[in-house]
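A.B. asks: Starting off with a structure, shown below.
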Amino acid sequence: MRSVRSLLVVTGSVLALAVFASSVSLAADAPVYLLITKECSQFHGHVGDFCTVTSSTFPGIPIGTKATYFGPEINDPNYLSSVVVLNAGHGNRATGYCSLLIPVGGTCSFWEGTGTLAGFHAAVQVTSTDGLNFTWTGSYRLDHRR
């Protein structure tokens, strides 16, 4: 009887720890506010052109990070629809997709990353401040369960 009771106590403790760890993991992956500004003087509508991050609320995307655009539609002065790769250096990258009407704005979403951006997911609204500088406002989370 004593061994059955001990087994139940151990099993209950393991289950309680699993539930606790799961709730901590979910809390750690909760969306967090994101604000990024970037300047696009190096973007001219060609594959491989980029914008440079000038400020960021997320340390994994520091100032100087490059947002490089690969198309398919990047040379229309009124519309952009493109795969985008954030390159924070040293193998730290995130892949996403942006679609926007210029100067109205649009959206970008990111679904994967490597290095410090592993598990990076984000959804942002894109606005232009003057046609050369842009703001990304939204939220991100790091999915550590991958």
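The values are calculated or read from the model by the stated rules, or taken from the named source; none is laboratory data. Treat the numbers as computed from the prediction; the structure is a model and nothing was measured. Every residue, glycine as well, gets a Cβ built from its backbone with ideal geometry; the counts of neighbours run over all protein chains shown.
A.B. asks: Sort through H46, H90 and tell me the only one that's touching a helix residue (DSSP H, G or I) at 6+ places or on another chain (Cβ under 7 Å) and more than 23 Å from R145 (Cβ to Cβ). Spell out how you get there, then give the answer.
C.D. replies: On the way: H46 fails: touching a helix residue (DSSP H, G or I) at 6+ places or on another chain (Cβ under 7 Å).
The unique qualifying residue is H90.
A.B. asks: Within the range 109-146, can you find the residues that are buried (at least 21 other Cβ atoms within 10 Å of the Cβ), without any contact (Cβ under 8 Å) to a residue 60 or more places away in the chain and either in a strand (DSSP E or B) or not assigned by TED's automatic domain parsing to the domain that holds Y79 (or both)?
C.D. replies: Those that are buried (at least 21 other Cβ atoms within 10 Å of the Cβ), without any contact (Cβ under 8 Å) to a residue 60 or more places away in the chain and either in a strand (DSSP E or B) or not assigned by TED's automatic domain parsing to the domain that holds Y79 (or both): F110, G113, V126.
A.B. asks: For the range 88-108, what are the residues that are surrounded by fewer than 17 Cβ atoms within 10 Å (Cβ to Cβ) and not hydroxyl-bearing (S, T, Y)? Write out each step before concluding.
C.D. replies: We begin by selecting, within the range 88-108, every residue surrounded by fewer than 17 Cβ atoms within 10 Å (Cβ to Cβ); these are 89-91, 95, 97, 99, 101-105, 107.
Selection gives G89, H90, G91, L101, I102, P103, V104, G105.
A.B. asks: Additional query: Take the residues of the range 54-72 that are without any contact (Cβ under 8 Å) to a residue 24 or more places away in the chain and of a type outside the set (D, E, K, R): which is farthest from A122 (Cα to Cα)? Give the derivation first.
C.D. replies: If we filter the range 54-72 for residues that are without any contact (Cβ under 8 Å) to a residue 24 or more places away in the chain, which is where we start, we get 55-56, 59, 63, 66, 68, 70, 72.
Okay, now just the ones that are also of a type outside the set (D, E, K, R), so 55-56, 59, 63, 68, 70, 72.
Numbers: S55: 16, S56: 13, P59: 14, I63: 18, T68: 16, F70: 19, P72: 21 Å.
Checking each candidate, the answer is P72.
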